[in-house]
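Let me begin by presenting the structure, written as structure tokens, before commenting on it.
Every read-out reported here was derived from the displayed coordinates using simple, explicitly stated rules and does not represent laboratory data. Small disclaimer: the values here were computed from a predicted structure and weren't measured. Using ideal geometry, Cβ is built from the backbone for each residue, glycine included, and neighbour counts are taken over all protein chains shown.
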């Protein structure tokens, strides 16, 4: 029987190294803000840390050895991301930053040799950034509502349309674009294709950069992108024509798990700060930690985080076991539903426990709360995943159309009496004989 909650000792050493590296190198560096984001800053600060990660064999671990990664399964990735998730700079340093990880994954699976040479290797080396250009301002991420069209003109595709929330478009070298190529296809999920479009292609216009939460309007990282008569060669197509939906599931299936893994780390970070505040802050009646209402919030938060963590790790284990995201659809949907709620609840409690300081921009909690709302939208809204989960659960059940269900207690009692009729008759005879014997001895 294999049912073990212990980490392999050798991999635990890697996790311990990540913990120390995060505390001593990554977290202090993240406080420098934009100084580390520019070209010079990346060379001076980011690249040296990336080399240290590579020396430990922990670079881009979600990829196979043929792509320069370690080929770690989802369970190991989950334990890693639990530590990386508490700091937004960490994924970049470990070669697993979104959206580049998902984009690199589908280029690795479906790209031609030319596409891999042009985009995959630079992405893996951290030399370029990419953007996932799928959602639209008219219908969000539902592929059946997409208006963006790619029409074949000779040996070129002509693309027209608008895309919304193309993360990091302003910094990208390539846009992974979803466009309708076959609007009349009988199968609605075969109408859309994926293209790799260089961001500097004539006709590509970033209308504005939308921010998440508060801040200056027009200075965010979510691109509102317009494509006007954008021409790309035929071989800009990624994978087969009409295969966008299938390719997207490969990308989004893994992406949803990775989001959840990192969110575990973020939740644990919020809980850690909550507890540190509770034992440090003094009121007229003593420490916050001495108050029962505070103790209740900490207890509830700990339980919620541990339940979520175990659900995520179990889902990762199932993916490793089955090697097929479709067989784990129910579980992936479940963690996607749980993720924003747990994150929001814990972050809100942590902010509240810090009082006015907690809701200020001098603490991370408001960013956490906003991120939790994003998690309820990114890679499909919570409602859609609840529907998916319910359908997956219900498909194992069959209807019972009698007047009363077959689990109706009188019906169960009748069935039990029929099954054990012989034994009940023997028992009655035994009781009757015992009573007669007792009457004779009276």
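For the residues 260, 356, 338, a GNM of the chain with alpha-carbon springs under 10 Å puts the largest fluctuation on 356.
Relative contact order, whole percent, for region 130-238 stands at 30, derived from Cα pairs under 8 Å and 6 or more residues apart. If a spin label sat at a point 7 angstrom from the Cα of residue 226 along the line to its beta carbon, the backbone N atoms of region 124-145 nearer than 20 Å would be those of 133-140.
Once the C-beta distance of residue 13 and residue 402 is scaled by a Förster radius of 51 Å, the resulting FRET efficiency is 0.25 to the nearest 0.05. Once the Cα atoms are used to define both axes, helix 409-419 deviates from the longest principal axis of the chain by about 60 degrees.
Which of the peptides 53-63, 314-324 is most tightly packed, and how do the rest follow, judged by the mean count of other Cβ atoms within 10 Å per residue?
Values: 53-63: 18.7, 314-324: 16.7.
Per-residue Cβ counts within 10 Å, averaged per peptide and sorted highest first, yield 53-63, 314-324.
Each helix, a run of at least 4 DSSP H residues, gives -39500 (n - 2.57); summed and divided by the residues of the chain, these come to -15000 deg cm²/dmol at 222 nm. Largest GNM mean-square fluctuation among 78, 239, 218, using the chain with Cα springs under 10 Å: 218. Between 0 and 90 degrees, the angle of helix 329-353 with respect to the longest Cα principal axis of the chain falls at about 80 degrees. Relative contact order, whole percent, for the chain stands at 12, derived from Cα pairs under 8 Å and 6 or more residues apart.
The Cα center of region 367-442 and the Cα center of region 40-57 differ in position by 57 Å. Between region 275-312 and region 80-158, the alpha-carbon centres lie 39 Å apart.
Extension gain for the segment residue 246 to residue 212, taken as residue separation times 0.36 nm less the Cα-Cα distance, is 9.3 nm to one decimal. Pairwise inverse Cα distances across the chain, averaged and inverted, put the Kirkwood hydrodynamic radius at 25.0 Å.
Extension gain, residue 182-residue 151: 0.36 nm per intervening residue step, less the Cα-Cα distance, totals 10.3 nm. Of the candidates 217, 106, 128, which one comes out as most mobile in a Gaussian network treatment of the chain with C-alpha springs shorter than 10 Å? Largest GNM mean-square fluctuation: 217. Principal-axis analysis of the Cα atoms of the chain puts helix 100-110 at an angle of about 90° to the longest axis. Looking at the chain, the DSSP beta bridges with both ends there are about 85 percent antiparallel. What is the antiparallel percent of DSSP beta bridges lying wholly in region 130-238, to the nearest 5? Approximately 85 percent, going by the DSSP bridge assignments.
Show me the ranking of peptides 171-182, 365-376 by mean Cβ neighbours inside 10 Å, starting with the highest. Mind showing how you got there, number by number?
Values: 171-182: 22.8, 365-376: 19.2.
The peptides rank, most packed first, as 171-182, 365-376.
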